[in-house]
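No value in this document is a laboratory result; all are computed from the given coordinates. For clarity, every value in this text was computed on a predicted model and none was experimentally measured. Quick reminder, even Gly has a Cβ in these numbers, built from the backbone with ideal geometry, and neighbours come from all protein chains shown.
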Amino acid sequence: MPFCALCETQVDAWLPHPHADARSPLMVMMGTVGSDLQHYLCPHCGCNDRDRHLWLYLTVSGLADRMKGARILHIAPEAKVAPLIAARHPAEYIRGDLFPTSPEFLRVDCERMEFPDDSFDLIICNHVLEHVSDPEAASREFHRTLVPDGYLVAQTPYVPTLKFRLEFIGGISPEQARFFYGQEDHVRLFGRDVADCIRSSGLEGNLFPHEHVLPQHDAAHYGCNPLEPFFLFTKK
């Protein structure tokens, strides 16, 4: 029986994304790696597959155990993941968003952050880089504000068979963005050069496959996409 790693509940089945059938045919044709829209929501707690995968990666990699007493920046924090991080008792837990929707959130522009150098032990930026204007600038800011040996987790949709990212010059319509990028508020579709984009700042790391990080975790059982790797980088 499927098991939700966030609410720690067995469920009968995962619920599909309500608009799964409206997915861009280009995303399907190119094999874009992101959410598993057919095994999307937990019927018990409402978390999605990206939430579950992120938490599994954080726990199995040991990063969740390192959260106690750590300084953490969480960009666009997931509603179902943030309480689990707070429960680990970090020394500082900043939840930031470019457009805060809660008084608990701090306005943070990840391309121009106002934090001092070496501010954080861990930065979580899950499915954000496909939205920002300049991902290289964001990566430089992550590098600057991480302490040495600090970690960045930066999941984002990408196409493993696309050599370079797809990004138009100038603005495009919401309809075009849905077709070419998969979502109307996305501004690019990353290719396999996504790791180079993040490493351009001096960060080290890579995209680590599910089967290498979670060899004992059947993706269908935990409701996550086995094709989505762990985007893990560190500052040396």
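Among (1) crowded, with 22+ Cβ neighbours inside 10 Å; (2) without any contact (Cβ under 8 Å) to a residue 12 or more places away in the chain, there is one condition C224 misses while meeting the rest; what is its number?
(2)
Within the group L106, L58, L26, L98, which residue is under 20 Å from the mean Cα position of the chain (by Cα) and either more than 21 Å from L152 (Cβ to Cβ) or buried (at least 20 other Cβ atoms within 10 Å of the Cβ) (or both)?
None of the others qualify; the one that does is L58.
Working only within segment 68-92, note down all residues that are under 26 Å from V11 (Cβ atoms), in a loop (DSSP other than H, G, I, E, B), more than 17 Å from the chain's Cα centre (by Cα) and among the hydrophobic types (A, V, I, L, M, F, W, C).
Across segment 68-92, the qualifying residue is only A87.
(1) in contact with a helix residue (DSSP H, G or I) (Cβ under 6 Å, 6 or more places away or on another chain); (2) closer than 16 Å to L84 by Cβ: which one isn't true of S35, the others all being true?
(2)
Within segment 147-200, restricting attention to residues that are of a type outside the set (D, E, K, R), part of a helix (DSSP H, G or I) and without any contact (Cβ under 8 Å) to a residue 12 or more places away in the chain, which residue is farthest from I124 (Cα to Cα)?
Of everything passing the filter in segment 147-200, Q176 is farthest from I124 (Cα to Cα).
Considering every residue within segment 12-23, establish whether at least one is over 23 Å from H212 (Cβ atoms), of a type in the set (G, A, S) and in contact with a Gly (Cβ under 6 Å, 6 or more places away or on another chain).
For segment 12-23, residues over 23 Å from H212 (Cβ atoms), of a type in the set (G, A, S) and in contact with a Gly (Cβ under 6 Å, 6 or more places away or on another chain): absent.
From the list Y151, Y181, Y158, Y222, which residue is over 27 Å from A64 (Cα atoms) and aromatic (F, W, Y)?
Among Y151, Y181, Y158, Y222, only Y181 is over 27 Å from A64 (Cα atoms) and aromatic (F, W, Y).
Any residue that is hydroxyl-bearing (S, T, Y) and closer than 21 Å to L6 by Cβ - is there at least one of those in segment 195-202?
no
Residues in segment 85-107: is at least one closer than 26 Å to F190 by Cβ and small (G, A, S)?
yes
When both residues are 6+ apart or on different chains and their Cβ atoms are under 9 Å apart, which pairs have a first residue that lies in segment 203-215 and is more than 11 Å from Y57 (Cβ to Cβ), and a second that is outside any helix (DSSP H, G or I) and of a type in the set (K, R)?
Final answer for the pair search is L203/K235; L203/K236; E204/K235; E204/K236; L207/R192.
Pick from H39, H17, H53: which is crowded, with 17+ Cβ neighbours inside 10 Å, without any contact (Cβ under 8 Å) to a residue 40 or more places away in the chain and either on the phi < 0 side of the Ramachandran plot or not in a loop (DSSP other than H, G, I, E, B) (or both)?
Of the residues listed, the single one that is crowded, with 17+ Cβ neighbours inside 10 Å, without any contact (Cβ under 8 Å) to a residue 40 or more places away in the chain and either on the phi < 0 side of the Ramachandran plot or not in a loop (DSSP other than H, G, I, E, B) (or both) is H17.
In segment 147-164, what residues are of a type in the set (S, T, N, Q) and surrounded by fewer than 22 Cβ atoms within 10 Å (Cβ to Cβ)?
Correct list: T161 only.
For segment 122-146: of the residues being within 17 Å of the chain's Cα centre (by Cα) and in a strand (DSSP E or B), which is surrounded by the most Cβ atoms within 10 Å (Cβ to Cβ)?
I123
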